There are 2 protein chains.
Amino acid sequence: MTIRIRYRARLAYLGTEFAGWQIQKNAPRTVQAVLEAALQRFAGAPIRCLAAGRTDAGVHAEGQVVHFDLPVQREEQEVRDGVNAFLPADARLLEVRRAAPSFDARRDAIWKEYLYRWSREAVIPPRAAPFLAPISVSADAARMRAAAEALPGTRDFGVFSVRRPPAGSSVRTIFSVSVLEQGPEISALFRGNGFLRGMVRSICGVLAEVGRGRFPPARMSELLETGNRRLLAPKAPARGLTLMRVGYGEDGF
Amino acid sequence: MTIRIRYRARLAYLGTEFAGWQIQKNAPRTVQAVLEAALQRFAGAPIRCLAAGRTDAGVHAEGQVVHFDLPVQREEQEVRDGVNAFLPADARLLEVRRAAPSFDARRDAIWKEYLYRWSREAVIPPRAAPFLAPISVSADAARMRAAAEALPGTRDFGVFSVRRPPAGSSVRTIFSVSVLEQGPEISALFRGNGFLRGMVRSICGVLAEVGRGRFPPARMSELLETGNRRLLAPKAPARGLTLMRVGYGEDGF
């Protein structure tokens, strides 16, 4: 009988050189592909790995959560360090834990936190540039905050999804959106029970236009009320977005 | 008559993919080489560029200062944005100013500030890893601080230089060394009137051994007193080091 031990892991990656999380047919470099390759080298057998959130190309993660089964029982640290030894420098398992055999990183997630960051600097230093979208020097965080107030609640967010999903399936709950200002940086921290494909970047595109003064702050509630996609702005660039944390019921992992 | 307008610029770069600041014969990728190439494309003529500090391979800069002459008079912002357009993503002019024709980024520097960073984390996240040297989880910042107290003052620092320089030429003044602790990170901020080649990384190698408990804190003063290079530790890795700022007399640039 083959043993199968389920593990959960917290994973950080730089989205810059990845075509997103999910393995794709035409074999671009994805996080899932490099992680499954590292797991296979560690375990000596093909290992499938599933994530809480399927981040898009260019989107970063500081606290993605994944689960996988190993055909061998190993100490948690040994799995973490052993798999990391086979991962490229832009992806790292930060923490590995044994999990219940039924644990599912995607299905069991209760909330996710995404951070979007803009910089008002005329020149963004090379060190920060991979994580910041530019916004005009005069962008107004207070206007963006006013627009963001329309978001929290249980609503149909279909207008913000990449493709309009069937009615009803695009209802999500946003618990909070905090627009923060620190020096030249403006950021928006989203916490919700789930986000539609492209939803955070679509909302951030609107927030940026509000900040620049091109849209009124009321545009956000108008979008939610009317569902009129012609009122949208272009999606905000992927590099500004980071999946920060995923919350589960039993602990804070 | 050809005009020659002198400019000074503040420059940031990621050291990771550079073989240091200075142009070399065998043509590796250096910061000076890419900057002079960008200046040439901007100005349409070969431009020489000199820096306050010749950082080694792998060492980062957030506030390197350089000077160069242009055969054309241009607005400061125009120079900054025009040259940046020809620079690779890992180097950026943050600020450009007209300077007196006699201004010399190296000779006129009054002080320089270098920051060295270590992480005690078991796994360093990919985002921070290019800027942090690993140190053991149990490394003790208080011991490192005690060792660093031996450094400030006007002394012969020759024991810490890559090659022992002629007697007398290795006297420098360190104004302050602050050992800081923030979560799992330990850092050391050096301010001095100048630093010998390899000096900060050599000192940091000793500090790390003190932090790990392998050297007593008194090792630092012993090194300064005896000049005995056999008491040294290996140099700390380049990626932990960043040239933060260079100070000049007339302003804070």
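Numerical summary
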{"quantity": "Residue check for residue A:191: within 30 Å of residue A:8 (Cα to Cα), modelled with pLDDT under 95 and open to solvent by 40 Å² or more (accessible area, probe 1.4 Å)", "calculated": "no"}
{"quantity": "Listing of strands (runs of 3 or more DSSP E) fully contained in the range A:43-128 that carry 1 or more residues being within 14 Å of chain B (Cβ to nearest Cβ) and in contact (Cβ under 8 Å) with a residue 40 or more places away in the chain", "calculated": "A:60-70, A:91-98, A:111-119"}
{"quantity": "Selection within the range B:140-164 - part of a loop (DSSP other than H, G, I, E, B), at pLDDT 95 or above and not acidic (Asp, Glu)", "calculated": "B:150, B:151, B:152, B:157"}
{"quantity": "Out of B:69, B:108, B:104, B:56, sole residue that is surrounded by fewer than 22 Cβ atoms within 10 Å (Cβ to Cβ) and under 30 Å from residue B:181 (Cβ atoms)", "calculated": "B:56"}
{"quantity": "Any hit, the range B:175-182, residues being surrounded by 19 or more Cβ atoms within 10 Å (Cβ to Cβ), closer than 22 Å to residue B:204 by Cα and away from chain A (no Cβ under 14 Å)", "calculated": "yes"}
{"quantity": "Residue identified as free of Cβ contacts under 8 Å to residues at least 60 places away in the same chain, over 23 Å from residue A:12 (Cα atoms) and polar (S, T, N, Q) among A:161, A:178, A:138", "calculated": "A:161"}
{"quantity": "From the options B:153, B:158, residue that is more than 14 Å from chain A (Cβ to nearest Cβ), on the phi > 0 side of the Ramachandran plot and within 20 Å of the chain's Cα centre (by Cα)", "calculated": "B:153"}
{"quantity": "Single unsatisfied condition, residue B:137 versus (1) surrounded by 15 or more Cβ atoms within 10 Å (Cβ to Cβ); (2) assigned to a loop (DSSP other than H, G, I, E, B); (3) within 14 Å of chain A (Cβ to nearest Cβ)", "calculated": "(1)"}
{"quantity": "Which numbered condition residue A:206 fails, given (1) out of contact with any Phe, Trp or Tyr (no Cβ under 9 Å at 6 or more places or on another chain); (2) open to solvent by less than 50 Å² (accessible area, probe 1.4 Å)", "calculated": "(1)"}
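The values are calculated or read from the model by the stated rules, or taken from the named source; none is laboratory data. Keep in mind the model is a prediction, meaning the values are calculated, not measured. Glycine also receives a Cβ, built like all others from the backbone with ideal geometry; neighbour counts cover every protein chain displayed. Heavy atoms of the whole protein, side chains included, go into the accessibility calculation; ligands, DNA and RNA do not. Shrake-Rupley method; radii C 1.70, N 1.55, O 1.52, S 1.80 Å.
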